[in-house]
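Reading through the structure tokens given below for one structure.
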Amino acid sequence: MYAQIIIDITSDALDRAYTYRIPDGMQVSAGDRVSIPFGVSNAIKTGYVVGLTEHVDYDPDKVKEIKSVMHDAISVKEQLIHLASWMSVEYGTTMNQCLKTVLPVKRAVRKNSRRIDPLLRYAEEKDEYHELNPEQQAAADSIVEGFKKCVEKACVDNDCSGTASASVPLAGRSSYELSAHTGEASSLRKNPDISVPRYLLHGITGSGKTEVYLHVMEQVIKAGYKVIMLIPEISLTYQTVIRVSTRFKGRVAILNSRMSIGERFEQYMKCEKGEVDILVGPRSAVFAPFEKLGIIIMDEEHEGAYKSETAPRYETRDVAYERAKLCHCPVLYGSATPSVNIYTQALKNEVSLIELHRRAKSGSSLAATEIIDLREELAKGNRSIFSNRLHELIKEKLQRHEQIMLFMNRRGYSSFVSCRSCGQAIKCPHCDVSLTLHRDGIMRCHYCGYEIPVMKKCPTCGSPYLAPFGFGTEKLESLVKQTFPEAAVLRMDADTTKNKGGHEKILEQFRSHKADILIGTQMIVKGHDFPDVTLVGLIAADLSLSAPDFHASEKTFQLITQAAGRAGRDKDSGQVIIQTYQPDHYSIALSAAQNYKLFYEKEMRFRKLMGYPPIEHLMTIQLLSKDEDMLGIISDSAAQTFKQECDAAKAEFIGPLNASVYKVNDIYRKIVYIKHPEHDIIIRLRDRFTALVRNVDKRGFVMLNYDVQ
Ligand code: ADP
Ligand code: ZN
Ligand code: ZN
């Protein structure tokens, strides 16, 4: 027997499999980590087994032997390796990088580490179980039915005799083969050609989606299967996590982005050993090594946190589907504001759309929303950041001892400091962005973390007339304290939640009514359920509209809708005030009206006009270098040839352009865009562009990052 092995070096050149003989008596299976002699010097290296084969197509005497197997990594199923192989092609990263993303890494847990997740301290004694209402029941029923069909189908395929095993033969294996050349031919390799059902549960906040998940999970577990439940970020959705761990006490493993590698490994091991039925966690939970996976649930499907920021820059939504296809189980996406992408798939019947129309709890209804035009406030002579209406409502709620949330999507005190004499804003020396002034008198770069005490003189012209402009959550906090001295105020943003458990502490304090007003960035608008909140104020709702990203309207719509969903979760007196300079912008007007469908239509009109995803596929390639000149020369040179190839392929090519923030952390960034309606063509063109860059850039000045949408 021979094993195909990938060497543990992250490098494009080594991104291929080598064949080694498995010595007699050695147990090796796909996914194992092994020691092997490598190269002319036979230096000992670490590799991953990615496949087994009976034959080699050259002299078998020349094949080297595996030295030993390292059993310190979870022996993963071929499934995960196949998933890595798909990711390698889709996201243009090496098989090694993908394997490292997909396979849990063994590390010991440090002695003094807190083994119990801080969240579990808040686990509730009593489970708030609800019988489903008819609409919820119908939703749960059709999802469970989909699950049962998958299981039956898997059994037939696998010829399994009653012992319901989910170790399905890898469907579509022939077309998915792990060849020794994971590089080129793979680009055109197709995904397994099977379909598993996907559901989109679309319901306003409070419509009882989580309760539906819990009922579905119960059925799946009862049938002997395991559940992956994905959440965008644990500290933002900790109430959901608590509900799951309260309902399924002792049967839940939890991943958390702040865990050490060792702590994560422990949680993964619980899954592999069958000690738990559920893994709840952010995007990496999609790789849970469950032997019998019954369903993948993805809560808050639209959340940006589901996209990996490092290579492979995977979209969890798509990886979840690929994983589900490999183990033959359904996927359930849930959201109050589904991404334009998934909703389009639902309208094409690629995903079954299930809608919940009203709030589940009796007596609770949607909050009343008012849009305040800040231009009119200014015309009336109100120069404060509180509109008259918001001011009046805050007063009223404080008197009634009700709670208030104020949302402002920018942290810090002043967004920038600039010189009144020469007009220059003070910038980070390492990045192309202004420094943000914080309350402690320190100016910080929100891109690289650089900080410096606020200056007395302009670094450009020496003028002493420096003035802060714009404002963030810190300034909002001090203005709130000034204007409403009677109120107890909490602030939650990246600055106040740096420490482990920081989020939970603030949220818990607010929940137990130790403060009247919670101020925060987008962290406070997600999934939290505060029964006493009757007023939500969005101080500057259009901040997110100006982001240089075609998702800006979609993100704004989601943010406002989510924020508005925080008010009146219990009483019917919830009120939402949206302060904006662009009251007529459709993403603001329609989120205020909670009209998702109309928003979707308007947004799709814009995407069609521009040929943006999901109408066409968009590949963004970032070229990064410390050497600005070389970056310019290499990207221009590659682009010149590439333009013609794009023309020939009828693909649109834009670039190279300077990134909207050209320099970050002393690294210069250029961007090219490729647009085409067909996914495979986009992938092929990406590989072509890469080859062209590598051809000019023999010495490796430039690093490439890909992002496909
Ligand atoms: P979502 O996930 O859509 O925001 P939840 O599942 O959190 O909604 O439900 C919102 C609130 O309604 C929660 O307090 C929950 O306990 C309650 N709830 C859910 N389903 C029911 C039901 N069938 N009957 C009564 N209350 C319910
Ligand atoms: Zn100056
Ligand atoms: Zn910086």
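The values are calculated or read from the model by the stated rules, or taken from the named source; none is laboratory data. These figures come from a predicted structure and were not determined experimentally. Positions of Cβ are backbone-derived with ideal geometry, glycine not excepted, and every protein chain shown enters the neighbour counts. With ligands, DNA and RNA removed, areas are computed over all heavy atoms of the protein, side chains included. Shrake-Rupley method; radii C 1.70, N 1.55, O 1.52, S 1.80 Å.
Observations on the model:
- Using a cutoff of 8 angstrom between alpha carbon atoms and counting only pairs six or more residues apart, the relative contact order for segment 348-488 works out to 20 percent.
- Whole-number Å³ per residue for the convex hull built on Cα positions in segment 557-709: 155 Å³
- Percent RCO, i.e. relative contact order, over segment 449-556, from Cα pairs under 8 Å lying at least 6 residues apart: 19 percent
- Anisotropy class of segment 203-286 from Cα gyration tensor, a/c 1.5 cut: oblate
- In the chain, Cα pairs under 8 Å separated by at least six residues give a relative contact order of 12 percent.
- Percent breakdown of C-alpha pair distances by 20 Å bin, ordered from the shortest bin, for the chain: 16, 47, 32, 5, 0
- Ranked by solvent-accessible area (1.4 Å probe, protein heavy atoms only, all chains present), the residues Phe701, Phe510, Phe265 order from largest to smallest as Phe701, Phe265, Phe510.
- Debye, to nearest 20: dipole size of the chain, +1 on Lys, Arg Cβ, -1 on Asp, Glu Cβ: 1580 debye
- Subtracting the Cα-Cα distance of Glu396 and Asn349 from their residue separation scaled by 0.36 nm leaves 12.1 nm.
- Based on protein heavy atoms only, the chain ends up with 43 Å² per residue of surface accessible to a 1.4 Å probe.
- CD proxy at 222 nm, helix term only [per DSSP H run n ≥ 4: -39500 (n - 2.57); per residue of the chain; nearest 500]: -9500 deg cm²/dmol
- Reciprocal mean inverse distance between Cα atoms of segment 288-347 - Kirkwood radius, Å: 12.3 Å
- In units of the rule-of-thumb radius 2.2 N^0.38 Å, segment 621-661 shows an alpha carbon radius of gyration of 1.25.
- Carbon + sulfur, % of accessible area of the chain - ligands and nucleic acids excluded, 1.4 Å: 50 percent
- Greater than 18 Å apart at Cα, pairs in Lys100/Lys698; Lys325/Lys526; Lys397/Lys481; Lys270/Lys505: Lys100/Lys698; Lys325/Lys526; Lys270/Lys505
- Dipole of the chain computed with +1 at Lys/Arg Cβ and -1 at Asp/Glu Cβ about the Cα centre; of Gln644, Asn349, Val40, farthest Cα towards the positive end is Val40.
- Each Lys and Arg contributes +1 and each Asp and Glu -1, all at the Cβ; summed about the Cα centre of segment 634-709, the dipole is approximately 220 debye.
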